[in-house]
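Read the structure below first, then the notes.
The values are calculated or read from the model by the stated rules, or taken from the named source; none is laboratory data. The model shown is predicted, which means the values in this text are computed figures rather than measured ones. With ideal geometry, Cβ positions are generated from the backbone for all residues, glycine too; neighbour counts draw on all protein chains shown.
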Amino acid sequence: MGLWDKLLGEFVDVIGWTDDSNDTLVYRFERHGNEIKYGAKLTVREGQTAVFVNEGQIADTFRPGMYELKTGNLPVVSTLQAWPHGFESPFKAEVYFFNTRRFTDLKWGTQNPVMLRDPEFGPIRLRAFGSYAIRVKDAPLFLRDIVGTDGRFTTEEITGQLRDMIVARFANLLGQSKIPALDLAGNYDRLGQFLQQRIAPEFAAVGLELPNLLVENISLPKEVEAVLDKRSSMGIAGNLDQYTQFQAAEALREAAGQPGGGSEALNMGLGLAMAQRLNETLNRPVQAGQTAPAPTASPPPLPAATHYFVAADNQQTGPFDMDELQRQARSGRLTRTTMVWAQGMANWTQAGEVRELDPLFAHLPPPLPNA
């Protein structure tokens, strides 16, 4: 400061501070030579606390309000200063303003994964992060242990230390809780409350209050999450045999939609793989507790009907089905001695010697003996 600042300080008799930042915890009021005029007005606003430091010792603490700095109002300062130059002389003192409002949305998180033993997955690594809030509760204690002679102390200067403290206690708490990894999401509130209760005394030991602490997320490493996603997909897929068949059918359909219908070797390989998988599924033995697949309800195919050629007047006629042969037998055109032939017969044979045609002559008497 120059001469002008010194002269201006002689006329300035109002001491106060308005915070134009969002991260200042402590601000030291600047005066030339730390000289404060006798009878100066000290204004402490709501959300602030002022601390007088005289010759390195904390002299007085002021809550919100307006004060006139005289010996009657500063008994401690008066005793320390001894007023060697009279009660109306300027005295040297440092004034620190403490911002006692709540500083919110401060972040904490694990820089390295926390190794734990999970009852379901075994050894796993977990990451966690969240937020917390702080407030200056004991200004003189905070000044002695943390701030020192810093003229402007911000949250950035202490959040690293507080974050390390939270992470260390959180890792210990998470290991002792033995909560399965898949159940952690339902216990964020409980973990946050337990963690807040455990470290609140450590914050109070340096003059800070911990109004709240939140656990926002606990996550597995990306590699483990990928395996877990596959495991979940298997559960959603259900019957793996049916899913495999469906995938093979989709692959065939997509290959057929390609220009040229896809590679012939590829299509053949997919078809064989699908047939083999289906055969394994159908021939798989039924395990205990499982239900055998229901038998197919389709009947076997009907046998093909036989048609016969008939010799009449030394000419080949037909072929005729059994209904037509029945009519000819009733009319007498077809007799037991009539020569017939059908697919599979070596030669023309008399109808009476063909067993399949016996029902046609059931209503006729056999030929007379010696006829």
*Can you work out which of the residues in segment 177-205 that are assigned to a loop (DSSP other than H, G, I, E, B) and of a type outside the set (A, V, I, L, M) is surrounded by the most Cβ atoms within 10 Å (Cβ to Cβ)?*
P180
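Going by the conditions given, is N112 closer than 30 Å to A181 by Cβ, at pLDDT below 90 and either assigned by TED's automatic domain parsing to the domain that holds D150 or surrounded by 14 or more Cβ atoms within 10 Å (Cβ to Cβ) (or both)? Talk me through it step by step, then tell me what you get.
Numbers: closer than 30 Å to A181 by Cβ: yes; at pLDDT below 90: yes; either assigned by TED's automatic domain parsing to the domain that holds D150 or surrounded by 14 or more Cβ atoms within 10 Å (Cβ to Cβ) (or both): yes.
Yes.
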_Among the residues in segment 16-37, are any outside any helix (DSSP H, G or I), more than 18 Å from L141 (Cβ to Cβ), β-branched (V, I, T) and modelled with pLDDT of 90 or more?_
yes
*Which of (1) touching a Phe, Trp or Tyr at 6+ places or on another chain (Cβ under 8 Å); (2) modelled with pLDDT of 75 or more; (3) farther than 21 Å from L116 by Cα does A200 not meet, given it meets every other one?*
(1)
*Tell me, yes or no, whether segment 117-133 has at least one residue that is assigned to a strand (DSSP E or B), under 30 Å from I58 (Cβ atoms), of a type in the set (D, E, K, R) and touching a Ser or Thr at 6+ places or on another chain (Cβ under 9 Å).*
no
*Would you check if there is a residue in segment 91-107 being at pLDDT 60 or above and more than 60 Å from the chain's Cα centre (by Cα)?*
yes
